[in-house]
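The values are calculated or read from the model by the stated rules, or taken from the named source; none is laboratory data. What you see is a predicted model, and the numbers here were worked out from it, not measured in a lab. Neighbour counts are summed over all protein chains in view; Cβ atoms, including those assigned to glycine, are modelled from backbone coordinates with ideal geometry. Only protein heavy atoms, including side chains, enter the accessible area calculation; ligands, DNA and RNA are left aside. Shrake-Rupley method; radii C 1.70, N 1.55, O 1.52, S 1.80 Å.
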Amino acid sequence: MAFLLLALGATISLFPLWWMTVTSLQSASEAGAAVTGAKGLSLWPHEAQVDNYPEALAQMGSLRWQGFLDALANSTVVASLVVTGTVLSSSLVAFAFARLRFRARGLLFTLMLATMMLPGQVVLIPLFLLFRYLGWVDTLLPLIVPAFFGSAFFIFMYRQFMAQIPEALFEAARMDGYGPIGLWWHVALPLSRPVTATTAVFTFIWCWNDFLGPLIYLQSESQMTLAVALNGFRSQYGGLDDVHLLMAASIVTMIPCLLIFFAAQRHFVEGLSRGGVKG
Amino acid sequence: MAEVLLAAVSKVYPGGARAVETLDLAIGHGEFVVLVGPSGCGKSTTLRMIAGLEDATSGELSIDGRVVNEVAPKDRDVAMVFQNYALYPHLSVRGNLSFPLEQRRHHGGILSRFTAAGRSERASIDARVDAVAQTLGITPLLNRKPAQLSGGQRQRVAVGRAMVRDPKVFLFDEPLSNLDAKLRGEMRTELRILHKRLGATMIYVTHDQEEAMSLADRIVVMHSGRLQQAGSPIDVYQRPVNRFVASFIGTPTMNFIPGRVAIDTGTHSRSAERGAAGAATSAGVFRHAGGTLALPGNRWRDITAISGRDLVLGIRPDQLRIAGDAEAMKIAQKGDHPPDPNSSIICGVIAAAEHYGDRMDIVLDSPSGRFTARCPPVRVREGDPCTMIADLSAAHLFEVGECGAAIALS
């Protein structure tokens, strides 16, 4: 029974993905007809048009292939730097909150958590003004640099996890000659791998799919990330004629997220100490 | 090797809890000192202050003549083995062993493997780790992760991680308490041998007095943050300074009987015949709720001084034995007179008999309280009446109270 429910749920969730795949393999007329309702939804392409894929990617942007490659490079640079920055800064801040004693620690932690309550839209305009003042508009910097200042939610996650690491490990490392940064880098961070995996995956997916940020801060085509480039593609080809190309491009855009998710999945569940400390 | 000196060291926690009270202790070069006491006695705090993991509230702590109160743990040249091993779970055994050395590298960093200096340093670290692993017999485990090791193996790795740095002082914080009894005994022997081999100063904390007795050159008994007694295991066992030390050291616990000392002229004349030492002092008797015990005349320095005072008599379980049938008959015929002036009898009912194969513990309920005797195995039944003979030649007298001072022995 539970299995049936799960299967049903999975079917419902996965149907749009399947539909995207089918549409991306259809010919222009077939896809167009399905969208307008002239023909029923087909669950299987009559004739797989694999050529849709190169065609879709090539047509992204104004220069053939150039738009796609630029966007791919930009997205990769932004996403990897944002992931690195978020993991490093969040875990470092969390380490301090979890393991160091300093004045007003509790107050600062509450303050940090309070920033989570602030809706992103509220800070949008002040942030834009700030980045314009810094001359960073139409560069990738506004997308990357904030990640190096920590993310409240991930700091919270790291802190909870690091607070559970046995104190003896840190004491042993202190006696072995490591200072606070050494404790963070050699003990706290490696032991927080499950949190790092979670942080990396969610940050990557969020960043890869982020639409609003790049849309606001980036202007020239050469700076676009994939999510925005896809949108440009849509307004250009989003007419009913070319829905098959849009779907093909969308699927290509999704692939890295899926790969990363499956690669990191097994680390989510990994336990904390795995026997290094007994009792 | 190093000397560790604690001069009037105290530790008061922020909440006001006094963990250690003006502790004075000098630990010599290459000495194996065991701090022992019940939980909360301040022994671990003392160790952690020597390690530098806790700051001393007052007093002076020095290692090899250098005051280290303000010195960071890493610069004190001490290594610590933790109760829970504290192995890094993400590193292999080799990684764990080389961890303290990595920090001390002069040519470390990402590029070290590309430079000659870095490579030779790496090689010397590996050699050091291999040598330590060899000593401890853990070479086959070098590539395993801590999770794949048994408790005893983890303990060895933890000891190895301390050894690899070749520190002046080794600190052990109840390192064997997570092992099963058999392994604990083996590791105890190995630590003792290791100490002989390394000749290093070792400070060891445990709540297990048996472990303390078997390992220590010198035992330091602590209670409620205060040093009670420091001395060789035999000294502490034979001449406890107070009732707490007497009750803490030795298994089963020493028997204590409250009562009062009185000078007995009859016993005096008998002990006078026995020798000059006995003749010099008066012998006395110890009157307790269940009868009278004859005190040997030459055991205490000045028994007349304590006559008439409420005291507590302490008898080790191995100084009690069950009177044989013939002996019991004789005692019954003679009345209350024991067969030997240094012995006395205690009558009661056997509450429990615990067999250990080579010996047994008999718990006797008497009008003066409960006694435990450790004796060769005999056939007894719980609930039977029983007569015990106490050999008081090694008995102790204490002032009343948990930490009542011992009456000076002669």
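How much length is gained on full extension from B:V380 to B:V12, taking 0.36 nm per residue of separation minus their Cα-Cα distance?
Full extension of this stretch gives 127.3 nm more.
From the helices alone, meaning DSSP H stretches of at least four residues, give me the mean residue ellipticity at 222 nm for chain A, per-run term -39500 (n - 2.57), in deg cm²/dmol to the nearest 500.
-21000 deg cm²/dmol
Report ³J(HN,Hα) in whole Hz for each residue of the stretch A:137-152, in order, from the Karplus equation J = 6.51 cos²θ - 1.76 cosθ + 1.60 where θ = phi - 60°; Gly and Pro get x.
So the J values, rounded to whole Hz, are 5, 6, 10, 7, 4, x, 7, 9, 4, x, 5, 7, 10, x, 10, 3.
Provide, as a two-decimal number, the C-alpha radius of gyration of chain A over 2.2 N^0.38 Å, N being how many residues it has.
The value comes to 1.24.
Using amide H atoms built 1.01 Å from N in the peptide plane, name the residues 5+ places from B:G59, or on other chains, whose amide H lies under 5 Å from its own.
B:S10
Which of the peptides B:168-177, A:220-229 is most tightly packed, and how do the rest follow, going by the mean number of other Cβ atoms within 10 Å of each residue?
Per-residue Cβ counts within 10 Å, averaged per peptide and sorted highest first, yield B:168-177, A:220-229.
Let me know the mean shielding of B:84-96 by other chains, meaning the per-residue number of their Cβ atoms within 10 Å of its Cβ.
Shielding by partners across B:84-96 averages 6.
Hey, got the average number of other protein chain Cβ atoms within 10 angstrom for residues in A:117-129?
Average per residue, whole number: 0.
With a cut-off of at most 13 other beta carbons within 10 Å, and DSSP calling the residue loop, which trypsin sites (Lys or Arg not before Pro) in the stretch A:82-138 qualify? Please list them.
A:R101, A:R103
Send over a whole-number figure in Å² for the accessible area per residue of the protein assembly as shown, probe 1.4 Å.
For the protein assembly as shown, the solvent-accessible area averages 47 Å² per residue.
Can you pull the Rg over Rh of the stretch A:75-179, Cα-only, Kirkwood?
When Rh is taken as the Kirkwood radius, the ratio is 1.06.
Given a 1.4 Å probe and no ligands, DNA or RNA in the count, how much accessible surface is buried by A and B, both sides, to the nearest 100 Å²?
Using a 1.4 Å probe, the pair buries roughly 2200 Å².
In chain A, what percent of the accessible surface is made up of carbon and sulfur (1.4 Å probe, ligands and nucleic acids excluded)?
70
Which of the trypsin sites (Lys or Arg not before Pro) found in the stretch B:340-410 are in a DSSP loop and have at most 11 neighbouring Cβ atoms, other than their own, within 10 Å?
Sites meeting the loop and neighbour criteria: B:R379, B:R381.
Test of understanding: express the Cα radius of gyration of chain B as a ratio to 2.2 N^0.38 Å, with N the residue count.
1.23
Carbon and sulfur atoms: what percent of the 1.4 Å accessible area of the stretch B:4-248 do they account for?
About 50 percent, which is the carbon plus sulfur part of the accessible surface.
Go through A:Q219, A:S250, A:A264 and say which Cα lies farthest out towards the positive end of the charge dipole of the stretch A:61-275; charges sit on Cβ, +1 for Lys and Arg, -1 for Asp and Glu.
A:A264
Using alpha carbons only, what's the Rg to Rh ratio of the protein assembly as shown with Rh from Kirkwood?
1.20
Per DSSP H run of at least 4 residues, take -39500 (n - 2.57); add these up for chain B, divide by its residues and hand me the 222 nm value, nearest 500 deg cm²/dmol.
Calculated at 222 nm, the ellipticity per residue is -8500 deg cm²/dmol.
Under the rule of at least 5 residues apart or a separate chain, name every residue whose amide H is placed under 5 Å from the amide H of B:R226.
Correct list: B:E21.
Could you compute Rg(Cα) / (2.2 N^0.38 Å) for the stretch B:4-248, with N its residue count?
Taking N as the residue count of the stretch B:4-248, the ratio is 1.06.
Could you give each residue of the stretch A:109-122 its phi-based ³J(HN,Hα) in whole Hz, using Karplus coefficients 6.51, -1.76, 1.60 with θ = phi - 60°, and x for Gly or Pro?
5, 4, 4, 5, 5, 4, 5, 5, 6, 7, x, x, 4, 5
For peptide A:187-193, what's the mean number of Cβ atoms from other chains within 10 Å of each residue's Cβ?
Average neighbour count from other chains, rounded to a whole number: 2.
Where does each of B:E60, B:E54 land when they are ordered by accessible area, with a 1.4 Å probe and the largest first?
B:E60, B:E54
For the stretch B:100-156, list log₁₀ I(q)/I(0) at each q in 0.15, 0.17 Å⁻¹, using the Debye formula over Cα point scatterers of equal strength and ignoring solvent, two decimals each.
Those come out to -0.55, -0.66, one per q.
Separation of the stretch B:9-53 and the stretch B:158-223 by C-alpha centroid, Å?
Here the two parts' Cα centres lie 16 Å apart.
Rounded to the nearest whole Å³, what is the per residue volume of the convex hull around the Cα atoms of the stretch A:40-90?
About 144 Å³ per residue, rounded to a whole number.
Let me check against my output: what whole-number percent is the relative contact order of chain B, with C-alpha pairs under 8 Å and at least 6 apart?
Relative contact order, chain B: 15 percent.
5 Å is the cut-off here: which amide hydrogens, built 1.01 Å from N in the peptide plane, fall below it relative to B:R370, excluding neighbours closer than 5 in sequence?
For B:R370, whose amide H was placed from the backbone, there are no distant partners under 5 Å.
Of the lysine pairs in the protein assembly as shown, how many meet both conditions: Cα atoms under 29 Å apart, and a spacing of 8 or more in sequence or different chains?
Number of lysine pairs found: 21.
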